[in-house]
Amino acid sequence: MQVWVRITCLLVLATAAACTRVPELEDRLTPDLRGAGYPELLPLDDALEPLDPPQQAGADLQDELDARSARLKRRAEAVKNAGS
């Protein structure tokens, strides 16, 4: 029975905390923002730019990784030759 009393008390405290005013957030709004309307909503498809096809994105990534690998190999070779 005590478990139910604790759960009930916890729920009452959580509900009371959820209903409190948060002055740090509300006081930061300027008067012109308080009266401002909501922005117009756009469909997600219109808001985002289209992605490259997966094959093209994969090929671009592979080219970038190959170029990076070649640069790192040249750097490693230069360091090895500098130490000799």
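The values are calculated or read from the model by the stated rules, or taken from the named source; none is laboratory data. As the structure is a computational prediction, the values presented were derived from the model and not from experiment. A quick note on method: Cβ atoms are made from the backbone with ideal geometry, for glycine too, and the neighbour counts reach across all protein chains shown. Accessible surface is based on the protein model in full, side chains and every heavy atom, while ligands, DNA and RNA are left aside. Shrake-Rupley method; radii C 1.70, N 1.55, O 1.52, S 1.80 Å.
Before moving on, here are some points about what is shown:
- Condition met for ASP52 (of a type outside the set (Gly, Ala, Ser) and either open to solvent by 100 Å² or more (accessible area, probe 1.4 Å) or at pLDDT 90 or above (or both)): no
- Checking ASP52 against (1) out of contact with any helix residue (DSSP H, G or I) (no Cβ under 9 Å at 6 or more places or on another chain); (2) assigned to a loop (DSSP other than H, G, I, E, B), the condition it does not meet: (1)
- Selection from the stretch 6-27 of residues that are of a type in the set (A, V, I, L, M), open to solvent by less than 100 Å² (accessible area, probe 1.4 Å) and modelled with pLDDT of 75 or more: ILE7, VAL12, ALA14, ALA16, ALA17, ALA18
- Condition check for ALA78: modelled with pLDDT of 80 or more, part of a loop (DSSP other than H, G, I, E, B) and either open to solvent by less than 80 Å² (accessible area, probe 1.4 Å) or not charged (D, E, K, R) (or both): no
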